[in-house]
Amino acid sequence: MCIRDSHTAAKNILTYMSLTEMAKILNSNDDFIQLHRSFIVRKDHMESIDGNTIKMINGIQITVGDHYRKEFTDFINIRLIKAGKKS
């Protein structure tokens with residue numbers, strides 16, 4: 001059994017669930033993405049992205065893990081505003 005101290009924007013929540021169990025529950029919710037073996041984040045709580053480092057609105061900085069890089073890159077490519085070529 002794992003006791004996990006989960007951080008939210010408003011408070012910490014103590015749970016007896018492993019992060020793997022949380023990930024299984026949150027996988028069906030498109031609002032969340034796992035970026036590191038220790039972090040699942042709500043997408044709209046990302047403040048900025050610098051390379052492979054995410055800054056959250058609460059100031060926490062998370063480096064995207066190698067295992068999660070493809071999903072993160074796909075997430076960025078979908079939401080990236082691309083400038084058109086000038087003719």
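I'm a student and want to see the number: the projected area of the Cα convex hull of the range 31-81, averaged over all directions, in nm².
Numbers: hull surface 13.3 nm².
So the Cα hull casts an average projection of 3.3 nm².
Hey, can you grab everything whose amide H is under 5 Å from the amide H of Phe32? Only 5+ residues off in sequence or another chain; H modelled, so Pro and N-termini drop out.
Amide H to amide H, under 5 Å and 5 or more residues apart or across chains, Phe32 pairs with Lys43.
Each reported figure results from applying straightforward, stated rules to the coordinates on display, with no laboratory input. A quick note: this is a predicted structure, and the numbers were derived from the prediction, not measured.
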